Amino acid sequence: MRRARFASVALLLAAPLLMAQAKPTLVPDVSQRDIEIKYSFTGAELLLFGAIIYPGGRLPEPGHRTDVVIVLKGPAQSIVIREKEKVAGIWVNAEALRYRSAPSFYAIASSRPIDKLVDERTRAIYELGLGSLQLSPASNAPAAVQDRFTAGLVEQRRRTGLFVEAPGAVEITGGVLYRARLTIPARVPTGRFTAETFLIRDGRVLAAAVRDIDVRKTGFERFVTRAADRHAILYGLTAVALSALLGWGAGRIARRT
């Protein structure tokens, strides 16, 4: 009797571990771990791919489709959004709202539209989609005002290619292999990027994995950036002097011709 009770207790204690082991896992990778920005950089196409490993090698039943969502994020940054207002025929800055933390780049690719995969609560938890980004406004402005500025921020960055939604961009082969292509624009910020992959089935996130990507400037662009950051005053004076010298030289050439 004691052995039977002990076996029952052991089974109950081991059940959560067995259930965790029974979940599928993701093995993601990216085509480039380092993206170098040079003077000739016009953007890059990033291939994100990987495999889904199911426990026991068993694929899900036909009625339980597995989907994949990939979120590529740039480093968070503080940003100020300003509204323009026409005064006496001239556009001037009006209201402004500062965000303590906003992704400098955000792209999401999914095998199906995200609203068909998970509910609103799950989208908010994992920040799946532009409408679910958790921004941090540094203001006690009314909710309506914050929503207006947030919509403006999203639209502004969408137009410049820094915010991207690509439903249907993830291809899944044989229920095991997946891949997606995302474009890195030429004006992408530098820093540590993260590529998060989510495995979703029946409205639940079953597994997640992360890969890091470094975007950095090299060559002359790196030298200029470091000089501006470390020696701001000297960099500014040099820029002014160089501009004046070039202007003087252009004037001399114009007079001679």
Margin query: Just to verify a number: what accessible area does Thr173 come out at with the full protein assembly present, 1.4 Å probe, Å² rounded to tens?
Written below: 90 Å²
Note to self: I need two numbers for the range 21-218: Rg to one decimal and Dmax as a whole number, Cα atoms only, in Å.
What the structure shows: 19.0, 72
Check: For Lys23, which lysines qualify as cross-link partners when the Cα separation must be under 24 Å and same-chain residues fewer than eight apart are set aside?
Finding: Lys116
Notebook entry, point to check: In debye to the nearest 20, how big a dipole does the range 21-218 give about its Cα centre with +1 on each Lys and Arg Cβ and -1 on each Asp and Glu Cβ?
Noted result: 300 debye
Note to self: To make sure I understand the rule: partners must be lysines, Cα under 19 Å from the Cα of Lys38, and not fewer than 8 residues away in the same chain. Which ones qualify?
What the structure shows: Lys217
Item checked: Computed label-point distance, nm, for sites Asp147 and Asp29 using a 7 Å Cα→Cβ extension -> 4.6 nm
Checklist line | Selected from Gly131, Pro60, Ile35, residue furthest toward positive end of dipole (the range 21-218; charges at beta carbon) | finding: Ile35
Item checked: Heavy-atom surface of the range 83-139, accessible at 1.4 Å and reported per residue (Å²) -> 56 Å²
Item checked: Portion, in percent, of the accessible area of the range 21-218 that falls on carbon or sulfur, probe 1.4 Å -> 48 percent
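The values are calculated or read from the model by the stated rules, or taken from the named source; none is laboratory data. Computed from a predicted structure; not experimentally measured. Heads up, the Cβs are rebuilt from the backbone with ideal geometry, glycines too, and the neighbour counts pull from every protein chain shown. To get the accessible areas, we keep the full protein, side chains included, count just its heavy atoms, and leave off ligands, DNA and RNA. Shrake-Rupley method; radii C 1.70, N 1.55, O 1.52, S 1.80 Å.
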